[in-house]
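The values are calculated or read from the model by the stated rules, or taken from the named source; none is laboratory data. Remember, predicted model here, so these are calculated numbers, not experimental data. Reconstructed Cβ throughout: ideal geometry from the backbone, glycine too, with neighbour counts over all protein chains shown. Surface accessibility is based on the protein's heavy atoms, side chains included, excluding ligands, DNA and RNA. Shrake-Rupley method; radii C 1.70, N 1.55, O 1.52, S 1.80 Å.
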Amino acid sequence: DSHCHLDFIYRRLRGVGDCSVQSLQDCLELDGEELGSSFGGCVANFCNPSDWAQGRSGRLVSSVIKDSVKDRRVFMTIGCHPHYADRMLGVRMDQLAMLVSGRSKYLEAKVVALGECGLDYSKKNTVDKVTQKQVFTEQLKIALEYNLPLVLHIRDAEADGYAVLQSAGVPPDWPIHRHCFTGDWVTASAWLEQYPGSKIGVTGLVTYQEAGRVREMVRNIPLDRLLLETDAPYFLPARTDKTRYPWNSALPGHVLHVAAQVAAIKGVELRVVLEQNLRNVNEIYRVGSDCGGGKESSEKIEIIRAKLN
């Protein structure tokens, strides 16, 4: 799963029924998919400054973050989502730089990218545009300084997104994950041409019948420019088995349903989609380079396909 929010998952499921979810392993045991060792890992985004800039000094990191990244399958990104841009006060930008550079004594785990960050001009975001652009720009400069890939959230702000990236000096070949893309193929192809080092993320939204634009984009985009993500706890895939998993919260293992829908749309084998996703994640984040192969891998894919049918 190239993009999820473990902290948001834990909070959403806290106190729901008999759920007790406090780790990636808990998620995998709960999700009803029984992936076991077939699940390679997840890129977990921690994008609320309240989680990574705590205490009087603003230098402390939440136990949720520190505990989550003890699992070797969890690869961490840190940034500020545009919904929280007005919280980047005081030392928080300096704290972000310290965390992603690996200089913080309060966080030993390596940060694999900066984000998610960006612009969100939708009605869901109450932060003014000037503040969003300022905070986005500063984060881009930090990523460039420390040679980190970017995880971008750009919603209803295409023109300003391009403008801020260009003014900050982000090169076209910079490794970028354009996360949770919901636009059409025309918009996607323009982005891919402008930023050839980037890849576009597709979520469980692609499993919804009403998501025609996203499905059109998936049909047209080359597989080597696509990343599979859940954006969990959001976008629970449409075909999850409610008898095995009755909760309204996506989990990292549900990325399998995203892969299956992509395979169906493009008319290719599930194995092809899964293996290409591993390569794509490695190209952007420099993690998880094993693309499988051999009899054992083939048997696992057949088992997964059988469960989805």
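Summed over segment 115-135, residues that are crowded, with 19+ Cβ neighbours inside 10 Å and of a type in the set (Gly, Ala, Ser) total 2. Is there a residue being of a type outside the set (Phe, Trp, Tyr), assigned to a loop (DSSP other than H, G, I, E, B), free of Cβ contacts under 8 Å to residues at least 40 places away in the same chain and open to solvent by 60 Å² or more (accessible area, probe 1.4 Å) anywhere in segment 23-37? Looking through segment 23-37, none of the residues is of a type outside the set (Phe, Trp, Tyr), assigned to a loop (DSSP other than H, G, I, E, B), free of Cβ contacts under 8 Å to residues at least 40 places away in the same chain and open to solvent by 60 Å² or more (accessible area, probe 1.4 Å).
Does segment 30-59 hold any residues that are aliphatic (A, V, I, L, M) and out of contact with any Phe, Trp or Tyr (no Cβ under 6 Å at 6 or more places or on another chain), and which are they?
Listed by number, the residues that qualify are LEU30, LEU35, ALA44, ALA53.
Cβ-Cβ distances below 6 Å connect the following pairs, each with a first residue in segment 84-107 that is in a helix (DSSP H, G or I), a second residue that is surrounded by fewer than 16 Cβ atoms within 10 Å (Cβ to Cβ), and a separation of six or more residues or different chains: ALA85/THR131; ASP86/THR131; GLN95/GLY58; VAL100/TYR146; SER101/TYR146.
If only residues of segment 164-189 that are open to solvent by less than 50 Å² (accessible area, probe 1.4 Å) and in a helix (DSSP H, G or I) are counted, the one that is farthest from ASP231 (Cα to Cα) is ALA168. Taken over segment 221-244, the residue count meeting the criterion of being over 22 Å from SER198 (Cβ atoms), out of contact with any Gly (no Cβ under 8 Å at 6 or more places or on another chain) and open to solvent by 10 Å² or more (accessible area, probe 1.4 Å) is 3. Against the numbered list (1) crowded, with 19+ Cβ neighbours inside 10 Å; (2) in a helix (DSSP H, G or I); (3) in contact with a Cys (Cβ under 9 Å, 6 or more places away or on another chain), TRP247 comes up short only at (2). Within segment 146-153, can one find any residue that is over 19 Å from GLN95 (Cβ atoms), assigned to a strand (DSSP E or B), of a type outside the set (Asp, Glu) and open to solvent by 10 Å² or more (accessible area, probe 1.4 Å)? Within segment 146-153, one or more residues are over 19 Å from GLN95 (Cβ atoms), assigned to a strand (DSSP E or B), of a type outside the set (Asp, Glu) and open to solvent by 10 Å² or more (accessible area, probe 1.4 Å). Pairing residues of segment 161-187 that are on the phi > 0 side of the Ramachandran plot with residues that are open to solvent by 40 Å² or more (accessible area, probe 1.4 Å) and not in a strand (DSSP E or B), at Cβ distances under 9 Å and at least 6 apart in sequence or on separate chains, gives GLY169/LYS141; GLY169/LEU144; CYS180/TYR234; CYS180/PHE235. Of a type in the set (A, V, I, L, M), outside any loop (DSSP other than H, G, I, E, B), open to solvent by 10 Å² or more (accessible area, probe 1.4 Å) and touching a strand residue (DSSP E or B) at 6+ places or on another chain (Cβ under 6 Å): does that describe VAL112? Criteria met by VAL112. For the condition under 25 Å from ASP156 (Cα atoms), open to solvent by 50 Å² or more (accessible area, probe 1.4 Å) and in a helix (DSSP H, G or I), what is the one hit in GLU216, GLU283, GLU210? It is GLU216.
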